Each structure stands twice: as structure tokens, then as C-alpha cells.
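Here is the structure we will look at, set down as C-alpha cells.
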Amino acid sequence: MAKEPIYLDNQATTPLAPEVFDAMVPWLRDNFGNPHSAHMLGRKAAAAVEVARDQVASLLPSNGNLFFAGSATEAINLGFGAANALKAAGRDKIIVLDSEHAAVRDTALSYKEHGFMVERHPIGPDGIVSLEQLGGSIDEKTALVAAMLVNNEIGVIQPVEAIANLAHEHGALMLCDVVQGYGRVTIPDNIDMAAISAHKIYGPKGIGALWVREGIDLPPMIHGGGQEQGIRSGTLSPALCAGFGQAAALCSDRHNVDAAHIQALADKARSCFADWTVNGAMDQRYQGNINIRRNGVDVARLMSDVRGVAFSAGSACASGSGRPSHVLAALGLGPAQIKSSIRLGFGRYNSLDDIEMAAELINEAVEAQLA
């Protein structure tokens, strides 16, 4: 049987935590009731969903509501609906950072069809937005500003609290993609909406959520039976909800232990890849993500040559399209630099030996390329 590669792609997805699997099994095997049914089996399932909702919401600001969705992408699409409610008041402008995940960036661009002007706001060479420049772009016509907390490709942390303040000064809403930061990085209390995903925190795929501050009007995105407070109809999966809740609880319980472990892995990686250049800010970043480049490297060939390590050249959502990384392009990198960049993502179940062995395999392949 072939040996599994060393997994260093934790921004794309994370392994399912054993505790999460155990929490899900009863709702897959024995407790099959529909959580929207009024009988005892339904009420039992509904109670499990609400326990999970509280667990997930406990890592988010307290003054809002949590809506389960099929993914963070769906949650983001749901959140953008809030802009439509403001359009009648003459707010027809949406601003998103140019380094946003495609789920935000492409959703925003689709709103041009709804009569909105969409601005892809530039970021600096370090991946961080200039608050002065952004403040000059937000005005009384702005309905929504979107900025992610931790970038999925380069790991930089945006000044989200300050961005939200700028949006609020002009009466605009602030939507934050917190997928890569949820459970790891402090989430500012002043954001208006936050999209999250279970499979980025050692939970199951197929479930995400949107947190919405109280008082924000969201139009229904999926019509039907009126589930999720009439916003997102469809029968919820108690198993997926329970798994999400358990994953969130683990993030809370293990926060300090996980953070120390990730820092140790990051320190080891920086040592092992000292000859590479880091893309993005060195200080204002999540340590579990390192995006690095080395001149002359052909990453497509590198990924083919290094079968013993699972890593990426950028976002898993964009890599299948063949498009070059828009995030690295937003940093000002040229095509050759983009094609010589790789992303390594560290997680709870990686070891220091994993980093050392992976670095040896990658660096050996690079030296062979450049020889």
C-alpha cells in the first residue's frame, strides 16, 4: 500500500478530528429524526442542532445570530444579500479587497448585474490594505465593505476592526470572511457579518455558517420550508451541525496548545526554507500559513516531482481553473514570481518531523531543477 504524503495543505482543508467523528456518528447511525419535525425524535435532533449553534457562536461576537449554511461560500452569498436592502436608500457601491477569496471577490463582481458599482480595492506589497486609501474610497454611496481576516493564500491579517470602523463612519456594512482565522485569531466585535466553515477547523465538509449582527436585514436566499428563521430553507443535518459544534469546542479548549504547536511548526519551516522569500507581511500574519517563492522554480513541475508532500500553489478553489493567483498578483508579483511560489499550511496533526522531511523533499527537488 502506498504511503500517504505528508499533508501540508491545511488552508485547503483539515483532517477530521477524531472527537468530531465520534460526535457525528450517533446522528448518522441512530438518531435519524428530522430536526424540523415536532415529534420526540425531531425535537431530540433539533436540540442537538441548537447545542451546536451555541458552540459555534461562542467563538464569535455575542450580539448576533448564527445561520447554518452548506458552506462558507453559501454563507458569503447570503451575506451579500444585505447590500440589496440598502440599495433602495441609494447605496449602490460595494468595496472588496483585491486579495479576497474568490467566494467574496466573484460574488461581489456578480452584483454588477444588480446595478451595483464594484470596486476591487488594492493592497500593498505586504498584502495589507492602506487604511488611509480605503477610507478615501468609502462614501455615502457604499453599501458593503468586504475584507477577510486571515488571507487564505498568504496568511496576512488585515486590520479588520479599523476597516469596520471606516465602513460604519459612512453607514456601510462590513462583511468579514473569517474562515482561516476562526478559532485561531481574535475576531473583532464590531463587524456586521462573518462567514465561517467547519472543514477548516478539523470539522466536516458540507457545512458553514453566517454570523449576522442583530438588526441587519437579510433577504431569504433559499425559499421553501422556512428553516433557519426563513433565511435559508432546507432540512439541516444534525450530524454535520454536531460535528461543527464539536470542532468549535475543540478550538476553544485547545486554543493555547494549538497556537504554541503551530508557532513551533512555523519556526521550523522558516529555518528549513531560509533560502526562500516569504510573500506577504512577516509580522502581521497567521503563523500556520507560509507562502514562499524561489526564483527560477517551476512550481507545476515541483508539485509533480514531490509526490511525498501535499502542498499547493495557492487557493484550492482557484487552482483547478488554471488561473494564476490573483492574491500574489495583487502584491505586485510578476508572472514568473507567481509561478515560483508555493503555499505550506500547518495544522494540529502535523509534527516537526513532518516539516523537516517535507522541506528535505521539496528543497532536493528544487536543487535538481536549478542545477
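Available extension along the chain between Asn256 and Phe21 is 82.3 nm, counting 0.36 nm per residue and deducting the alpha carbon span. Around the amide H of Arg285, modelled in the peptide plane, lie the amide H atoms of Ile157, all under 5 Å away and 5 or more residues distant in sequence or on another chain.
Per-residue ellipticity at 222 nm from helix content only, as computed over the chain with -39500 (n - 2.57) for each DSSP H run of at least four residues, stands at -12000 deg cm²/dmol. Between Asn31 and His223, the distance separating the two model label sites (each 7 Å from Cα on the Cα→Cβ line) works out to 3.4 nm.
Only lysine pairs 8 or more places apart or on separate chains count here, and in the chain those with Cα atoms under 25 Å apart total 11. When only the Cβ of Lys, Arg, Asp and Glu is charged (+1, +1, -1, -1), the dipole of the chain relative to its Cα centre reaches about 680 debye.
Residues of segment 212-241 with the amide nitrogen closer than 16 Å to a label point 7 Å from the Cα of Ser62, along Cα-to-Cβ, please. Counting backbone N atoms under 16 Å from the label point, the list is 213-214. Net charge dipole, segment 19-95: roughly 340 debye, given to the nearest 20, about the Cα centre with Cβ charges of +1 for Lys and Arg and -1 for Asp and Glu. The portion of the accessible surface of the chain made up by carbon and sulfur, rounded to a whole percent, is 53 (1.4 Å probe; DNA, RNA and ligands excluded). Mean separation of Cα pairs under 8 Å and 6 or more residues apart, divided by the residue count, gives the chain a relative contact order of 24 percent.
Using Cα pairs closer than 8 Å and at least 6 residues apart in sequence, work out the relative contact order for segment 70-138, in percent. Rounded, it is 29 percent for segment 70-138. At the residue level, Met282 shows approximately 110 square angstrom of accessible surface with a 1.4 angstrom probe and all protein chains present. In segment 248-345, a dipole from Cβ-located charges (positive for Lys and Arg, negative for Asp and Glu) runs towards its positive end, and of Gln263, Pro335, Ala313 it is Pro335 whose Cα lies farthest in that direction. Count neighbours as other Cβ atoms within 10 Å of each site's Cβ, and list the GluC sites (Glu not before Pro) in segment 49-131 that are DSSP loop with at most 12 such neighbours. Hits after loop and neighbour filter: nothing returned. Per residue, the accessible area of the chain comes to 42 Å² when a 1.4 Å probe rolls over the protein heavy atoms.
3J(HN,Hα) couplings calculated from phi for segment 269-277 with the Karplus curve 6.51 cos²θ - 1.76 cosθ + 1.60 (θ = phi - 60°) are, in sequence order, 5, 4, 5, 6, 10, 5, 7, 9, 9 Hz; Gly and Pro show x. Computed from backbone phi with θ = phi - 60° and the Karplus coefficients 6.51, -1.76 and 1.60, the 3J(HN,Hα) list for segment 339-347 is 6, 10, 10, 10, 10, 10, x, 9, x Hz; x is used for glycine and proline. In the elastic network of the chain, a GNM with C-alpha springs shorter than 10 Å, the most mobile of Asp177, Asp139, Asp283 is Asp283. Of all beta bridges that DSSP places with both ends in the chain, some 50 percent have antiparallel geometry.
The values are calculated or read from the model by the stated rules, or taken from the named source; none is laboratory data. Treat the numbers as computed from the prediction; the structure is a model and nothing was measured. Cβ coordinates were reconstructed from backbone atoms using ideal geometry, including for glycine residues, and neighbour counts include every protein chain displayed. Calculation scope for accessible area: heavy atoms of the full protein, side chains included, ligands and nucleic acids excluded. Shrake-Rupley method; radii C 1.70, N 1.55, O 1.52, S 1.80 Å.
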